[in-house]
Amino acid sequence: MSHGPKSDLNKAGVEQSDFPILCETCLGPNPYVRMSKQTLGAECKICTRPFTTFRWLPGAGMRFKKTEICQTCAKSKNCCQTCLLDLQFGLPTQVRDTALGLKNAAPTSAINREYYAQNIEGKLEDGASGAINFGKADSAGKELLKRLARSDPGYKRNRPHLCSFYAKGACNRGDECPYRHELPVENELSHQNIKDRYHGTNDPVARKILAKHAAEGGLAPPADTSITSLFLTSLPPTATEDAIRHFYLSSAGMPANALKSVVLVPASRVAFVNFTDRKSAEMGAEQSGLKVVIEGVEVKVQWGRSRPKKSQGSAPATGPISQVAERELATSGK
């Protein structure tokens, strides 16, 4: 429940609640968990408004956990207040939004952030169910999310943090140390950001899930690192280059400088999507692993092929396939 002036949009309201919105994993296996509650204990890490915080111990051998975002932000994204994963499927919001074709409407900067949070709060008080309506979502997308979701809670992420003194070789507490005595591993998952997780942009956990699904669907990156294009087939007759570009820049959430060009051949209903570098191409393949919908039609995606080497004295090939290849090479600048 929120208390504060509703008429003045420049004054942020405050949030008070009796119980947090948590997923099964963060709550822990203990059915008799005890929580400490602090009214206006911290500010939300998304909308920066003060809210009621909760702190608890999920189980033996685990670390204390607390809520990180307010309930208004959690309800608008249907996510846990602590781990920010989707409450229904237990997946990152980037994976869920990509599978269901949802767009992030929340402002990622401080501009209009409190105004947006107040509007969402007013809609929730009027009986709205939040920004995510699974009843009207794509059935194929929901089935895909069910296959990607975990079948059992992963309590492994409730383990204590790593001991920084042990990594330096200076921890003298031994077995009594409440932190894990393991050396840190430096990889992509070591750099996670709570705002990227919430807004569904550049989430390393989501990219790992999307990359694994893309590899299982035949979109594993080829060994030839010079290939930086994707080949789209079974396009609808009404498909345009702008529609394909809009999918990757808007629906897939890729940066504008990642896409180099789009070559569409209406007669063959195929298209080449050329990226600026290999990393951007792999990111596009990960986003295409779930599904690519152009003008309401799901299309097939595969990696492009490497440019064939021209031999001296060979006659140039003719036909629609060669014309497509020539147009691709002309736009890629190779």
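Numerical summary
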read-out	value
Zone of Asn30's modelled label, taken as backbone nitrogen in the range 163-188 under 15 Å from a point 7 Å along Cα→Cβ	none
Zone residues, the range 188-221, relative to Asn257, backbone N less than 17 Å from point 7 Å out along Cα-to-Cβ	202
Selection of GluC sites (Glu not before Pro), the range 185-254, meeting DSSP coil and at most 16 other Cβ within 10 Å	Glu186
Members of Lys45/Lys300; Lys75/Lys146; Lys37/Lys75; Lys156/Lys260; Lys195/Lys260; Lys195/Lys291 lying beyond 30 Å, as alpha-carbon distances in this model show	Lys45/Lys300; Lys156/Lys260
Stokes-Einstein D for the range 218-303, Kirkwood Rh over Cα pairs, 20 °C, 1.002 mPa s (µm²/s)	169 µm²/s
Calculated FRET value between Leu249 and Glu143, using beta carbons and R₀ = 30 Å, to 0.05	0.65
Pairwise label distance in nanometres, Phe64 with Arg307, each label 7 Å out on the Cα-Cβ vector	6.1 nm
Added length on full extension, which subtracts the Cα-Cα distance from 0.36 nm per residue, Cys177 to Ala267	25.6 nm
Cα→Cβ-extended label distance, 7 Å offset, between Lys300 and Asp224, nm	2.0 nm
Total charge dipole magnitude, the range 218-303, about the Cα centre, Cβ charges on Lys, Arg, Asp, Glu only, Debye to nearest 20	40 debye
Highest-first arrangement of 95-101, 57-63, 273-279, where packing means the average Cβ count within 10 Å	95-101, 273-279, 57-63
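Rule-based calculations on the coordinates, nothing more; no lab input. This is a predicted model, so every value here is computed, not measured. Cβ: placed from backbone, ideal geometry, glycine included. Neighbour counts: every protein chain shown.
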